[in-house]
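Contents: one structure, followed by commentary.
The values are calculated or read from the model by the stated rules, or taken from the named source; none is laboratory data. As the structure is a prediction and not an experimental result, all values here were calculated from the model. Methodologically, a virtual Cβ is constructed for each residue, glycine included, from the backbone with ideal geometry; neighbour enumeration extends over all protein chains shown.
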Amino acid sequence: MKNPIVSLVSDRRALLKGAAAIGALQIASPFVVPVRAADNIKMGMVDPLTGVYAAPAGNEVMGAKLAVDQINAKGGILGRQVELLVEDSANDVGTGVQKARKLIERDNVNFIIGDVNSGIAAAIAQVTAEKKVLHVVSGGHTDTITGKDCHWNVYRVCNTTRMEANSVSDLLYNKYGKKWHFITPDYAFGHTLYDACAANLKKLGGTVTGNELTPLGTTDFSAYLIKARAAQPDVLLLLVQGSDMINCLKQIVQFGLDKQIHVAGTQQELESLAGLPPEARIGIWMFEWYWKQPGVPHVAEFVAEIRKRNGGQVPTARHWFGYTSAMTFALVANQQKSLDAIKLAQALDDFELPPDVKLQPNKVYYRKGDHQLMTSAFIGEALNKGKDDPEDLFRVDSVVPGDKTAPPVADTGCTIKWPA
Amino acid sequence: MTQLLLFNVTNGLIIGAFYVLMALGLSLILNLSNVINFAHGGFLVIGGYIAYTITPYVGFWGALLIAPPITALIGLAVERTLIRPLYGRDPLYSLLLTFGLAFIIEDGTRFIWGAQGKPVTVPAFLAKPISYDFFFITGYRLFMVATVVFAVALLFVLLRYTRLGMRIRAGTLDLETVSALGINVRILRSLNFAVGIFLAGLSGVLAAGQLGLEPTMGTGLLMPSFIAIIVGGVGSLTGTLLGGLLIGVASGLTAMYFPAASEAIMYVLMAVVLLVRPRGLLGEEGMMT
């Protein structure tokens with residue numbers, strides 16, 4: 001019998017043609033191609049619309065679209081209408097960089113937003129710095145983006161991993177115990193988040209019983225969980241995200257480990273809690289933004305607007321990231337009456353977001369020294385079932401301002417070098 | 001340490017059993033039709049989502065019975081319309097087709113059911129560990145293994161003792177002669193494809209109870225299944241069975257000593273087998289022996 005695998009490999013030309021076709025697909029047209037007028041202001045957005053981060057990325061794009069609609073309804077930027085051009089980074093660094101270059105070089109975008117994936121966000125930041133385009137990182141958390149690899153043109157909306165770790169470390173130590181075991185995703189985000197948590201634990205006097213580095217996209221966590229239980233920690237910290245978080249939590253609960261060890265973590269997202277069966281919605285976490293904030297101005301309007309576009313579902317932190325990223329450009333450009341990237345970047349230093357954009361109780365501003373948004377941490381506990389709303393899956397116990405969770409600028413390793 | 005080792009071997013066998021179910025479906029299609037079905041993970045996802053959709057009406061057990069045949073019917077339609085015209089051509093054509101189909105299915109599920117994961121709850125009495133020490137053996141995992149054993153046994157009986165099975169086995173060895181003997185090879189291939197996709201659908205329902213149900217879930221399970229086939233030997237279903245269990249155990253053991261390599265070990269194992277015995281462990285044994 002002809003062995004298909006052997007004959008396949010032998011036909012190298014055909015294989016190369018196939019690979020070239022797949023490669024060409026990566027740089028094909030953007031997902032959203034609105035009617036383009038020559039004088040429109042263009043915002044480019046690069047996010048992983050396919051792959052494991054498709055859900056958070058889709059939500060960021062939805063938030064940005066809402067912002068663009070609202071900006072246009074209020075007269076646009078400098079009296080010109082705004083259009084959003086969205087590209088799929090496919091959760092791949094090379095593709096993300098290609099798409100960012102395309103948006104800048106071919107589509108001549110004025111601003112860039114993206115990416116959910118830390119590694120892609122960091123790589124795109126290099127491109128935007130080289131091309132002198134103002135860039136807001138919407139959802140990539142790794143420290144270095146506003147740390148040692150910071151750029152004059154790059155600002156970030158979501159928290160750094162250090163901020164996330166700082167927001168819950170003391171609480172977990174005091175409430176759950178001093179021996180921590182980690183399940184960590186094996187890439188930039190996970191590494192910096194683990195380092196931050198481990199450093200905090202050391203300062204508090206606790207010990208790390210182990211750190212299980214799991215490849216992104218791990219489906220079965222049982223081998224890691226067997227090891228974790230054998231180490232007998234007080235707390236099992238899950239630093240994984242997305243579908244990895246769902247798989248891991250689901251298996252922990254099925255194994256009954258939550259009855260033996262406290263299960264918690266740093267960043268938790270509504271997308272993950274919604275994807276879990278009720279019994280697996282457990283633990284203390286921090287949310288980067290939460291939709292239920294009674295009495296906080298403008299939050300209810302934002303929730304209502306997203307519900308209209310989201311099949312009735314409430315916004316997640318990702319919607320707010322996308323919304324705030326796009327709004328930032330409009331706010332600063334209209335304030336400065338300019339589109340000059342350097343001028344706008346300088347104006348964003350210590351720039352405070354207005355109540356209808358910040359959508360939280362504390363002061364929210366882009367910090368001058370590292371360009372990190374000082375946004376609040378919503379700390380609390382996951383809920384099995386929503387009390388009044390099926391999507392109310394998190395009980396917020398405290399909202400800590402960003403400048404309380406962020407390390408001082410001097411500790412971030414960031415030195416902004418402005419272009420001459 | 002011995003206890004940990006024992007835990008991981010047992011756990012690896014359980015995971016391996018799941019790979020086996022996926023890999024057997026893939027192997028059936030590859031052996032008879034020379035189609036490297038990259039969309040197999042996609043059919044798994046379809047099975048899972050169908051189960052999710054009908055569970056509120058028919059319950060988990062109803063979904064387990066109904067979703068795999070529906071998936072098989074969808075597979076049958078795909079085979080008739082898209083894959084059949086490519087039989088007889090270089091396997092690269094069907095590979096590229098199924099590769100594209102995998103993306104279409106992923107985006108299609110995202111379009112229909114949304115990008116956000118969906119919660120699937122298994123019956124409460126299954127979602128518990130059987131004992132405190134063997135916490136990783138839950139009722140559901142045992143049920144999965146039992147289902148896999150049952151499905152594999154049924155498949156072996158089908159292939160060994162039924163007319164259809166004998167024709168599939170004969171076709172795997174020499175399709176031209178089977179055709180010359182007056183057997184309708186088109187129908188044979190369609191039925192064989194449907195059986196393979198049925199197994200993917202069944203894997204999907206089982207996986208939805210164990211993992212998070214989301215459009216990309218098939219991707220992570222597809223590669224181990226391909227590796228199981230290559231390690232076990234292309235053309236041998238018994239080899240596929242062995243390959244699946246082997247990579248499950250290897251992956252579990254590596255996670256214990258060197259977690260970062262738990263995925264890479266499958267590829268290392270495949271490379272070693274290909275170097276030492278390029279036809280795979282049971283590649284020369286023929287089917288079902």
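Say we look at segment B:1-20 and pick out the residues that are surrounded by 14 or more Cβ atoms within 10 Å (Cβ to Cβ) and of a type in the set (Ser, Thr, Tyr); which of these is farthest from B:Ala228 (Cα to Cα)? The residue in question is B:Thr10.
In segment A:383-420, how many residues are more than 30 Å from A:Lys131 (Cβ to Cβ) and either in contact with a strand residue (DSSP E or B) (Cβ under 6 Å, 6 or more places away or on another chain) or among the basic types (Lys, Arg) (or both)? Selection size over segment A:383-420: 12. Sort out which residues of segment A:373-401 are in a strand (DSSP E or B), within 18 Å of the chain's Cα centre (by Cα) and under 16 Å from A:Trp320 (Cβ atoms), and write them in order of number. Within segment A:373-401, A:Leu373, A:Ala377, A:Phe378 meet the criteria.
Assess whether B:Thr81 counts as being surrounded by fewer than 16 Cβ atoms within 10 Å (Cβ to Cβ), among the β-branched types (Val, Ile, Thr) and at pLDDT 85 or above. So B:Thr81 passes the test. Checking each residue in segment B:141-158 for being within 12 Å of another protein chain (Cβ to nearest Cβ), surrounded by fewer than 19 Cβ atoms within 10 Å (Cβ to Cβ) and under 18 Å from B:Met22 (Cβ atoms) picks out only B:Phe143. Taking the condition of being in contact with a Pro (Cβ under 7 Å, 6 or more places away or on another chain) and either more than 8 Å from chain B (Cβ to nearest Cβ) or charged (D, E, K, R) (or both), how many residues in segment A:256-268 meet it? So the answer is 1. Among the residues of segment A:381-400, the ones that are under 22 Å from A:Gly63 (Cβ atoms) and touching a residue at least 12 places away in the same chain (Cβ under 8 Å) come to 7 in all.
Candidates B:Ala228, B:Ala250, B:Ala255: the one that is within 12 Å of chain A (Cβ to nearest Cβ), crowded, with 17+ Cβ neighbours inside 10 Å, assigned to a helix (DSSP H, G or I) and in contact with a Ser or Thr (Cβ under 7 Å, 6 or more places away or on another chain) is B:Ala255. Per the listing A:Thr209, A:Thr184, A:Thr144, the residue uniquely on the phi < 0 side of the Ramachandran plot, in contact (Cβ under 8 Å) with a residue 24 or more places away in the chain and in a helix (DSSP H, G or I) is A:Thr144.
Within 21 Å of the chain's Cα centre (by Cα), of a type in the set (D, E, K, R) and under 22 Å from B:Val234 (Cβ atoms), is that true of B:Arg167? It is false that B:Arg167 is within 21 Å of the chain's Cα centre (by Cα), of a type in the set (D, E, K, R) and under 22 Å from B:Val234 (Cβ atoms).
Say whether the condition of being over 11 Å from B:Leu202 (Cα atoms) and either without any contact (Cβ under 8 Å) to a residue 40 or more places away in the chain or of a type in the set (S, T, N, Q) (or both) is met by at least one residue in segment B:38-52. So far as segment B:38-52 goes, no, none of its residues is over 11 Å from B:Leu202 (Cα atoms) and either without any contact (Cβ under 8 Å) to a residue 40 or more places away in the chain or of a type in the set (S, T, N, Q) (or both). Under the condition of being more than 19 Å from the chain's Cα centre (by Cα) and farther than 20 Å from B:Thr53 by Cα, which residue from segment B:101-129 is farthest from the other protein chains (Cβ to nearest Cβ)? In this case the residue turns out to be B:Phe125. The residues listed here are A:Leu237, A:Leu225, A:Leu249, A:Leu172; of these, the one that is closer than 23 Å to B:Gln210 by Cβ, crowded, with 24+ Cβ neighbours inside 10 Å and away from every other protein chain (no Cβ under 14 Å) is A:Leu237. All conditions but one from (1) in a helix (DSSP H, G or I); (2) touching a Lys or Arg at 6+ places or on another chain (Cβ under 8 Å); (3) not charged (D, E, K, R) apply to A:Gln251; the one that does not is (2). Apart from one condition, A:Glu391 fits all of (1) modelled with pLDDT under 95; (2) surrounded by 15 or more Cβ atoms within 10 Å (Cβ to Cβ); (3) charged (D, E, K, R); (4) closer than 30 Å to A:Asp340 by Cα; the exception is (4). Within segment A:181-208, being crowded, with 19+ Cβ neighbours inside 10 Å and over 26 Å from A:Thr146 (Cβ atoms) holds for A:His181, A:Gly206. One residue alone among B:Gly218, B:Gly204, B:Gly244 is touching a helix residue (DSSP H, G or I) at 6+ places or on another chain (Cβ under 6 Å), within 11 Å of chain A (Cβ to nearest Cβ) and assigned to a helix (DSSP H, G or I), and that residue is B:Gly218.
Return yes or no: is A:Ile183 within 14 Å of chain B (Cβ to nearest Cβ) and either modelled with pLDDT of 95 or more or within 18 Å of the chain's Cα centre (by Cα) (or both)? Judged against the criteria, A:Ile183 is a match. Checking the stated criteria, B:Arg163 turns out not to satisfy the condition of being out of contact with any strand residue (DSSP E or B) (no Cβ under 9 Å at 6 or more places or on another chain), of a type in the set (D, E, K, R), under 21 Å from B:Ala72 (Cα atoms) and in contact (Cβ under 8 Å) with a residue 40 or more places away in the chain. Being surrounded by fewer than 16 Cβ atoms within 10 Å (Cβ to Cβ), away from chain A (no Cβ under 14 Å) and farther than 20 Å from B:Gly114 by Cβ is a condition met by no residue of segment B:29-40. Is it the case that A:Ala55 is within 14 Å of chain B (Cβ to nearest Cβ), in contact with a helix residue (DSSP H, G or I) (Cβ under 8 Å, 6 or more places away or on another chain) and of a type outside the set (Phe, Trp, Tyr)? Spelling it out, A:Ala55 is indeed within 14 Å of chain B (Cβ to nearest Cβ), in contact with a helix residue (DSSP H, G or I) (Cβ under 8 Å, 6 or more places away or on another chain) and of a type outside the set (Phe, Trp, Tyr).
Taking the numbered list (1) buried (at least 22 other Cβ atoms within 10 Å of the Cβ); (2) in contact with a Ser or Thr (Cβ under 7 Å, 6 or more places away or on another chain); (3) in contact (Cβ under 8 Å) with a residue 24 or more places away in the chain; (4) within 12 Å of chain A (Cβ to nearest Cβ) in turn, B:Ser262 passes all entries but (3).
For A:Asp356, the criteria (1) at pLDDT 95 or above; (2) under 30 Å from B:Gly117 (Cβ atoms) hold in every case but one, which is (2).
All of A:Gly58, A:Gly23, A:Gly63 fail the test of being in contact with a strand residue (DSSP E or B) (Cβ under 9 Å, 6 or more places away or on another chain) and either modelled with pLDDT under 95 or not in a strand (DSSP E or B) (or both), apart from A:Gly58.
Considering the conditions (1) part of a helix (DSSP H, G or I); (2) in contact with a Leu (Cβ under 7 Å, 6 or more places away or on another chain); (3) closer than 23 Å to B:Leu13 by Cβ, B:Ala194 is excluded by exactly one of them, (3).
When A:Ala188, A:Ala231 are checked against the criterion of being more than 9 Å from chain B (Cβ to nearest Cβ), among the aliphatic types (A, V, I, L, M), in contact with a Ser or Thr (Cβ under 7 Å, 6 or more places away or on another chain) and closer than 18 Å to A:Tyr53 by Cα, A:Ala188 stands alone in meeting it. Picking from residues in segment A:275-287 that are in contact with a Lys or Arg (Cβ under 9 Å, 6 or more places away or on another chain) and either within 21 Å of A:Phe189 (Cβ to Cβ) or more than 14 Å from every other protein chain (Cβ to nearest Cβ) (or both), the one that is modelled with the lowest pLDDT is A:Gly275.
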